[in-house]
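For reference, the structure discussed in these notes is given below.
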Amino acid sequence: LKVARDVGLNALERHAPVGGWIVDDTSFPKKGNHSVGVTRQYSGMRGKTDNCQVAVTISLANATMSVPCATRLYLPRGWADDRPRRRVAGVPDEIVFEEKWRIALAQIKHLLDQGLPKAPILADAGYGDATAFREAITALGLSYAVGVQGQITVWPPGQMPLPPKRRQPRGRPSTRLRRSSKHRPVSVESFAKQLAPEDWHKVTWREGAKGSMCSRFARARIRVAHRDQLRSQAYPEEWILMEWPSEAEAPTKFWLSSALADVHLEELVTLVKLRWRIERDYEEMKDELGFDHYEGRGWTGFHHHLALCIAAYAFLTAERARLSPPQALAFLRAPPVPRSFHPRGSPAAP
């Protein structure tokens, strides 16, 4: 897997530097309850809770291509605490229950130890909502641009929690930040709805199969308010990026980012939208390489199967980049077609 990964990364970096590390998870529908890690849990593939296995993965990507670099099965608590089933499935003793974001964090640390090029961490709200995950990424010296739910609370620009109470004549001085009935944080969704129309800007981030991908975005410098009344210092300022398509009745997506304060809006949008490449990874590996076709039940066999699929995908990605470099094919554009043109055999124009 490491050899195939390095081959893919070499091809990727010939076109452009690594633009982001994409953290995500994918599900594998399963019947029964004997296959390792299978239980009723949320399946992104089916968009509902179902019987499935879930694997956490990391891909390194840029605008041209992406290369999967790490994967590990998520072991639900019911499996982690079931010794007989663990023994039959061959789950190693050191594997315990961990939230998905903790699994991803361990993978990130492992890849950093191997010297892979640093880049911002990209993830959806399943990871971005975890404050501890974002803080751990910052502690590793990396930036992030992660999705969050609209219900998380923040301090709008220019605001922050109240300082600790003044020292009383008796007792220890208070060190915790405060809120009051009139000074409270707001949800990201309500903050977005309060913005003026001129705060929203139309941004195009890439060309899709059906034309340019564009939407309306707004951003602001805010401070996260997650349980900050238990802290002695406020969270640092960071970006909140919001998307509100013109045809939608309300904002649809939100991201937190620790990118530099002088980053341009277009750069920030392009960065968060880079995450779509991992969806393409999953689709191609499942449709073309049998990523979800493992029929065994054991821990080792499951990971061997995923590793072989990822190695094959990395090789094919490198070959695709070598044989069809996007820069070399930039001249291939469809010629303009006159509005009066009608293909032979087509019905007459009305």
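Fully extending the segment from ALA196 to ALA261, taken as 0.36 nm per residue of separation minus the present Cα-Cα distance, adds 21.3 nm.
Here the gap between ASN10 and LEU112, fully extended at 0.36 nm per residue and compared with their Cα-Cα distance, gives a gain of 35.1 nm.
The amide H of SER43, built 1.01 Å from its N in the peptide plane, has LYS48, THR49, ASP50 as neighbours under 5 Å, considering only residues 5 or more places off or on other chains. Charge dipole of the stretch 133-192 (Cα centre as origin; +1 on each Lys and Arg Cβ, -1 on each Asp and Glu Cβ, all else neutral): 740 debye, rounded to the nearest 20.
Other residues within the sphere of radius under 12 Å centred on the Cβ of PRO117, judged by their own Cβ, net out at -1 (K and R +1, D and E -1).
Using a probe of 1.4 angstrom and keeping all protein chains present, the accessible surface of the stretch 262-306 works out to 52 square angstrom per residue. In this structure, the amide hydrogen of ALA220, modeled 1.01 Å from its nitrogen in the peptide plane, lies closer than 5 angstrom to those of ILE240, counting only residues at least 5 positions away or on a different chain.
Here the Karplus relation 6.51 cos²θ - 1.76 cosθ + 1.60, evaluated at θ = phi - 60°, turns the backbone of the stretch 27-34 into coupling constants of 10, 10, x, 9, 9, x, 9, 9 Hz, with x for every Gly and Pro. Mean residue ellipticity at 222 nm, helices only, the chain: -9000 deg cm²/dmol; runs of at least 4 DSSP H residues each add -39,500 (n - 2.57), and the sum is divided by the number of residues.
State the percentage of accessible surface on the chain attributable to carbon and sulfur atoms; use a 1.4 Å probe and exclude ligands, DNA and RNA. Don't jump to the answer; show the numbers that get you there.
Values: 10210 of 19680 Å².
Within the chain, the accessible surface is 52 percent carbon and sulfur.
Close amide H contacts of ILE121 (hydrogens built in the peptide plane, cut-off under 5 Å, sequence separation of 5 or more or a different chain): TRP21, SER143, TYR144, ALA145.
What is the sum of charges around ASN51, taking Lys and Arg as +1, Asp and Glu as -1, for the other residues whose C-beta is under 9 Å from the C-beta of ASN51? With Lys, Arg at +1 and Asp, Glu at -1, the neighbours total +2. Charge tally for GLY19 (other residues, Cβ to Cβ under 13 Å; Lys, Arg +1; Asp, Glu -1): +3. Per residue, the stretch 2-117 exposes an accessible area of 46 Å² to a 1.4 Å probe, with every protein chain left in place. In order along the stretch 314-319, the Karplus-derived 3J(HN,Hα) couplings, from 6.51 cos²θ - 1.76 cosθ + 1.60 at θ = phi - 60°, round to 4, 5, 5, 5, 5, 5 Hz, and Gly and Pro are given as x. The largest accessible area among SER66, SER190 belongs to the first residue in SER190, SER66, and the rest follow in falling order (1.4 Å probe, all chains). Across the stretch 103-117, coupling constants 3J(HN,Hα) worked out from phi with the 6.51/-1.76/1.60 Karplus curve, θ = phi - 60°, read 4, 4, 5, 5, 5, 4, 4, 5, 5, 5, 4, 7, x, 5, x Hz, and Gly and Pro carry x.
The values are calculated or read from the model by the stated rules, or taken from the named source; none is laboratory data. As the structure is a computational prediction, the values presented were derived from the model and not from experiment. Reconstructed Cβ throughout: ideal geometry from the backbone, glycine too, with neighbour counts over all protein chains shown. For accessibility, only protein heavy atoms count, side chains too; no ligands or nucleic acids. Shrake-Rupley method; radii C 1.70, N 1.55, O 1.52, S 1.80 Å.
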